[in-house]
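Presented below is the structure to which this report refers.
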Amino acid sequence: MASGRSDKDAGGSGDRLEALRALIDDLDVEVQSLINRRARCVLEIADVKRRAGDDSSFYRPDREAMILRRVIDRHEGPLPREEITRLFREIMSACLALEQPMHIAFLGPEGTFTQAAALKHFGHSVTTVPLGAIDEVFREVEAGNCDFGVVPVENSTEGVISHTLDVLLNSSLRICGEIQFRIHHFLLSSATAIEAIRTLVSHEQSLAQCREWITANLPGVEVRTASSNAEAARRVVGDAAAAAIAGGAAAEIYQLNVLARNIEDTPDNTTRFLVLGKIDTRPTGSDKTSLVLTGHNKPGALYQLLEPLKRHGVSMTRIESRPSRRGLWEYVFFVDIEGHVADAPVARAMAELEDQAMFVKWLGSYPKSVI
């Protein structure tokens, strides 16, 4: 039967395909050459800094945030904006590793959402270091054993991670970045069917984020908590009557079957993570500042604490209260505001807060999440 296309048409298409493939080959050579040229420039910058005796960190969160924002602003497609930004993130990560290989502490074990968030922020050319608890992440960075740490601080469904705030209160580390990470929960098991599951294991936050799904699909199942989702996945390996709630990375690492996908109750379930380090970031024009405040124990104390922000036109994006542990019914307030401490409105508000508040601690000013 005739195909409806002449030999001439087929030949023309073949010639066009070959020409396009040849063009791609040429472009690949050009792209590779430009990436290597960028890498050599990065090494020259490292050499200039060393010769000048500059021992500061080669990683600058403010500089990288501005580069990625420019990538987004000038992007015209056809690649999705998220894809082109991710590609540039990885190029930057690989180039930075030539200057200074970095070790990033995270709440482990391997396969947690915190590790995935760290790799999203720093790229895959860093070494991620799993630790057993949030306070251990702080200690490793404070001791200089790791360059930066990544810890969860709040979830869009279940709210604040109290332990992170409690450790922040007494830590010398600065917040120098934030990561917004979309959370998808999977049901993982060595079993091949949900009907076989008698025990469910996960972190308490993940159990809460999947509460409705668990009630509807696993009624009567025994529920146990774990220190992390990845730890839950590790614990159910080889147990055909147990399942864990964790992410896709844990399924691959621990070779578990995915019995159900995206079981979180809220479609836009997102966790915010903090990047912790010993450096102060420069203003980028799109920043946040985090503070801890304590007012005098009297009527209207909270209003008086926040009034300088209003007077100087500084927008507050979050406030959380935590027991101060210094006196009965005394509280500290964790506050996130728009802007950098070097911005004039924020600086003026901070000066007033330091005069009026009983206690003020600046936790850091840092670029808003870009990717």
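The values are calculated or read from the model by the stated rules, or taken from the named source; none is laboratory data. What you are looking at is a predicted structure, and each value in this text was computed from that prediction instead of being measured. Note that we place each Cβ from the backbone using ideal geometry, even for glycine, and neighbour counts take in every protein chain shown.
Output the number of residues of the stretch 258-286 satisfying the condition of being β-branched (Val, Ile, Thr), surrounded by 15 or more Cβ atoms within 10 Å (Cβ to Cβ) and assigned to a strand (DSSP E or B).
2
Here is a yes/no grid of residues against (1) of a type outside the set (Asp, Glu); (2) within 24 Å of residue 107 (Cα to Cα):
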site	(1), (2)
265	no, yes
269	yes, yes
276	yes, yes
285	yes, no
289	yes, yes
295	yes, no
303	yes, no
306	yes, no
311	yes, no
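Scan the stretch 33-44 and report the pairs whose first residue is over 12 Å from residue 92 (Cα atoms) and whose second residue is modelled with pLDDT under 95, with Cβ atoms within less than 8 Å and a gap of 6+ or a chain change.
Filtered contacts from the stretch 33-44: 43/98; 43/99.
Of the numbered conditions (1) crowded, with 16+ Cβ neighbours inside 10 Å; (2) in a helix (DSSP H, G or I); (3) among the polar types (S, T, N, Q), residue 289 satisfies every one except a single condition; which is it?
Going through (1) crowded, with 16+ Cβ neighbours inside 10 Å; (2) in a helix (DSSP H, G or I); (3) among the polar types (S, T, N, Q) one by one, residue 289 breaks only (2).
Of the residues that sit in the stretch 253-290 and are closer than 17 Å to residue 317 by Cβ and in contact with a Lys or Arg (Cβ under 7 Å, 6 or more places away or on another chain), which one is modelled with the lowest pLDDT?
That would be 270.
Does residue 243 satisfy the criteria of being modelled with pLDDT of 95 or more, more than 20 Å from residue 106 (Cβ to Cβ), part of a helix (DSSP H, G or I) and of a type in the set (Gly, Ala, Ser)?
Here the answer is no, as residue 243 does not meet what is asked.
Please state which one of 244, 232 is free of Cβ contacts under 8 Å to residues at least 40 places away in the same chain, over 19 Å from residue 119 (Cα atoms), surrounded by 20 or more Cβ atoms within 10 Å (Cβ to Cβ) and not β-branched (Val, Ile, Thr).
232
Grab the strands (runs of 3 or more DSSP E) fully contained in the stretch 165-209, keeping just those with 2 or more residues being within 30 Å of residue 283 (Cβ to Cβ).
174-182
How many of the residues making up the stretch 30-51 are of a type in the set (D, E, K, R) and modelled with pLDDT of 95 or more?
Selection size over the stretch 30-51: 4.
Kindly indicate the residue of the stretch 109-143 that is of a type in the set (Val, Ile, Thr) and part of a loop (DSSP other than H, G, I, E, B) and also nearest to the chain's Cα centre (by Cα) among those meeting that condition.
Result: 112.
Tell me which of these residue 235 doesn't satisfy, since it passes every other one: (1) in a helix (DSSP H, G or I); (2) within 22 Å of residue 136 (Cβ to Cβ); (3) touching a Ser or Thr at 6+ places or on another chain (Cβ under 9 Å); (4) not acidic (Asp, Glu).
It is condition (3) that residue 235 fails.
Which of the residues spanning the stretch 317-340 are surrounded by fewer than 19 Cβ atoms within 10 Å (Cβ to Cβ) and touching an Asp or Glu at 6+ places or on another chain (Cβ under 9 Å)?
317, 318, 319, 320, 322, 323, 324, 325, 338
Of everything in the stretch 170-182 that's touching a Lys or Arg at 6+ places or on another chain (Cβ under 8 Å) and crowded, with 17+ Cβ neighbours inside 10 Å, which residue is farthest from residue 333 (Cα to Cα)?
This residue is 181.
Starting from residues that are touching a strand residue (DSSP E or B) at 6+ places or on another chain (Cβ under 7 Å) and not in a strand (DSSP E or B), keep the ones in the stretch 144-161 and report whichever is nearest to residue 270 (Cα to Cα).
Result: 156.
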